[in-house]
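Beneath this line is the structure, given in structure tokens, with notes to follow.
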Amino acid sequence: MEEVTYWKKEIETLSREKIEELQLQRFRERMQYVYERSPMYKRKYDEAGIKPSDIRTLDDIQHVPFTEKEELRESQAQHPPWGDFICIPPEEGVRVFQTTGTTGIPVKAILNKKDWAVHFYEQFMHFMYGYGIRVSDILFVPFGYSLYIAWWGFQAALEQAGVMIVPGGAQSSQDRVKNIFDWGATAVCGTPTYLLYLGETAKKIDLSLADSKVRIVVTAGEPGANVPSTKRTIEEIWGAKCYDDIGSTEISNFGFECVAQMGTHVIESMFYAECLDIESLKPVQSGEVGELVLSNLCTESMPLLRYRMKDLVRFDMETCKCGRTFLRLDGGILGRSDDMFQFAGVNIFPSAIENFIREVPEFSNEYQIVVPKIRTGKRLKIRVEPDTADISKDRMEQAVKRFVETFKYRITLTPDVEIVEIGELPRFELKAKRLIRET
Ligand SMILES: [Zn+2]
């Protein structure tokens, strides 16, 4: 394990009792705050007949209504552009973002100066120290400046902390690879898919990223960082440690993996996290998979309470090897509850399939899962590419056979596997879309 560094050790190693005390106090304060400032929250809580003063224990939080992404969309449609859930006058905003819109109309987010310069900074300092990034590191950010939040908060916070930033937007992937070498970058961030793609790009120009000075890669935006075989592949390609970063435009940045690599810590001093059964929406038994529900405990501009992330997670409350007591998401984000699909009576998570695919060295890192319409009698189809052009047909057939056997054994279904030409499957710079449902 690399050397453990803390941002605020006294907070990160609080006893469970003290964390919960702090969370209860902060939740009550935030609930009072949104009740006074946000018409949407006042309406919700009045309708539910609940007041901030009703929250006396953490268990009482279960009576507080959820916040759904759809509500934020509706609120912004009715009261454009910001909706009536924000808690600041819009003119106080200094940074705006919007969600990528992969699941519907994008939601706009606003941050005032304190959220951007103080709260985001605090969140990303937990990340930075968790990953073991030092002020002497050089961070290459291979990402274009846009409305998407990805990496801009991370970049701004690390810059403020004294890390050198090499901006890698507005250039081709080949130029990015060259720049990673030229500028001596020691840390890089990106989606798992894109960091794998940079590995492929490097190969084309006869470079190996493992020969670069990069020692830490930070990945976000997809479950990949914590899919074991994807993480292993990224670490091999880059010759670096790969750490998970989790956040969302609406709720901000809540999860980081530490050097112990034992799951993704939630910053519990700034977020209250619940893991709920996807049907009953009651807390699951300890160690079971459920849906992540988060509450902002600190931010001012648009704190969300009991926000349904639609991410599936498993909590691990044991103190981590790094010494932090902040709970861990075992395996990071396991999948999206929206993405989970049922086929032939089996619940399937695309991230599980990804894990099998990336265990096969003959396959490239790109794939698609095609889910046929029900009652067509068709099988689930997995489309893959050979990793390199020199793999013989025979070897490819053997690889497919092995893959199908693994699949059958672990998912109890037999898929069809289609091998397509190298480069035929789409490449993604942002979030990858690999699940195709036939209609
Ligand atoms: Zn840890």
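The values are calculated or read from the model by the stated rules, or taken from the named source; none is laboratory data. All values derive from a computational prediction rather than experimental measurement. Cβ: placed from backbone, ideal geometry, glycine included. Neighbour counts: every protein chain shown. Remember, those area values only see protein heavy atoms, side chains included, never the ligands or the DNA or RNA. Shrake-Rupley method; radii C 1.70, N 1.55, O 1.52, S 1.80 Å.
Residues in segment 302-318 that are in contact with a strand residue (DSSP E or B) (Cβ under 6 Å, 6 or more places away or on another chain), surrounded by fewer than 22 Cβ atoms within 10 Å (Cβ to Cβ) and acidic (Asp, Glu): ASP316 only. One residue alone among GLY130, GLY184, GLY144 is modelled with pLDDT of 95 or more, among the small types (Gly, Ala, Ser) and surrounded by fewer than 21 Cβ atoms within 10 Å (Cβ to Cβ), and that residue is GLY184. Scoring TRP7 on the criteria (1) in contact with a Cys (Cβ under 9 Å, 6 or more places away or on another chain); (2) assigned to a loop (DSSP other than H, G, I, E, B) leaves a single failure, condition (1).
Give segment 321-335 a look and list any residue that's within 8 Å of the ligand (Cβ to nearest atom) and under 28 Å from LEU281 (Cβ atoms), or say none. Can you show your working first?
Applying the first criterion (within 8 Å of the ligand (Cβ to nearest atom)) to segment 321-335 yields 321-324, 326, 328.
Residues satisfying the conditions are PHE326, ARG328.
Please verify whether GLU21 is more than 27 Å from the chain's Cα centre (by Cα) and open to solvent by 50 Å² or more (accessible area, probe 1.4 Å), treating the condition exactly as stated. Answer is yes for this residue.
Hey, can you tell me all the residues within segment 29-59 that are in a helix (DSSP H, G or I), more than 13 Å from LEU305 (Cα to Cα) and not hydrophobic (A, V, I, L, M, F, W, C)? GLU36, ARG37, PRO39, ARG43, ASP46, GLU47, SER53, ASP54, ASP59 - these are the residues of segment 29-59 that are in a helix (DSSP H, G or I), more than 13 Å from LEU305 (Cα to Cα) and not hydrophobic (A, V, I, L, M, F, W, C).
Among the residues of segment 258-275, how many are assigned to a strand (DSSP E or B) and closer than 17 Å to ASP59 by Cβ? Break it down into steps so the answer makes sense when it comes.
Our first condition is that a residue be assigned to a strand (DSSP E or B); within segment 258-275, this holds for 264-266, 271-275.
Then drop every residue that is not closer than 17 Å to ASP59 by Cβ, which leaves 272-275.
Qualifying residue count, segment 258-275: 4.
Among the residues of segment 401-439, the ones that are assigned to a strand (DSSP E or B) and open to solvent by 40 Å² or more (accessible area, probe 1.4 Å) come to 5 in all. The single residue among VAL214, VAL166 that is of a type in the set (A, V, I, L, M, F, W, C), touching a Phe, Trp or Tyr at 6+ places or on another chain (Cβ under 7 Å) and more than 26 Å from TRP116 (Cβ to Cβ) turns out to be VAL214.
Let's see how each residue does on (1) at pLDDT below 90; (2) in a loop (DSSP other than H, G, I, E, B); (3) more than 29 Å from MET1 (Cβ to Cβ):
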{"site": "CYS320", "(1), (2), (3)": "no, yes, no"}
{"site": "GLY323", "(1), (2), (3)": "no, yes, no"}
{"site": "ASP338", "(1), (2), (3)": "yes, yes, yes"}
{"site": "ASN347", "(1), (2), (3)": "yes, no, yes"}
{"site": "ILE353", "(1), (2), (3)": "yes, no, yes"}
{"site": "GLU359", "(1), (2), (3)": "yes, yes, no"}
{"site": "ASN365", "(1), (2), (3)": "yes, no, no"}
{"site": "GLN368", "(1), (2), (3)": "no, no, yes"}
{"site": "THR376", "(1), (2), (3)": "yes, yes, yes"}
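Reported count of residues in segment 224-244, each being open to solvent by 10 Å² or more (accessible area, probe 1.4 Å), within 14 Å of the ligand (Cβ to nearest atom) and among the charged types (D, E, K, R), is 1.
When segment 253-268 is filtered for residues that are away from the ligand (no atom under 11 Å from the Cβ) and either without any contact (Cβ under 8 Å) to a residue 24 or more places away in the chain or open to solvent by 10 Å² or more (accessible area, probe 1.4 Å) (or both), only ASN253 remains.
Given the criteria at pLDDT below 95 and over 29 Å from PRO106 (Cα atoms), does SER248 qualify? In short, no. For segment 299-318, check the following and say yes or no: at least one residue is assigned to a loop (DSSP other than H, G, I, E, B) and either modelled with pLDDT under 95 or within 16 Å of the ligand (Cβ to nearest atom) (or both). Within segment 299-318 (the criterion being assigned to a loop (DSSP other than H, G, I, E, B) and either modelled with pLDDT under 95 or within 16 Å of the ligand (Cβ to nearest atom) (or both)), the answer is yes, since at least one residue qualifies.
Within segment 103-113, being surrounded by fewer than 17 Cβ atoms within 10 Å (Cβ to Cβ) and not small (Gly, Ala, Ser) holds for THR103, ILE105, LYS113. Here ALA273 qualifies as within 16 Å of the ligand (Cβ to nearest atom) and free of Cβ contacts under 8 Å to residues at least 60 places away in the same chain. If you scan segment 329-380, which residues turn out to be open to solvent by 30 Å² or more (accessible area, probe 1.4 Å), more than 14 Å from ASP416 (Cα to Cα) and among the charged types (D, E, K, R)? Within segment 329-380, ASP330, ARG336, ASP338, ASP339, GLU359, LYS373, ARG375 meet the criteria.
Would segment 134-141 turn up any residue that is among the β-branched types (Val, Ile, Thr) and open to solvent by 50 Å² or more (accessible area, probe 1.4 Å)? Checking segment 134-141: at least one residue is among the β-branched types (Val, Ile, Thr) and open to solvent by 50 Å² or more (accessible area, probe 1.4 Å).
Screening the candidates ILE61, ILE105 for the property of being under 27 Å from the mean Cα position of the chain (by Cα), farther than 30 Å from TYR131 by Cβ and modelled with pLDDT under 95 yields one hit, ILE105.
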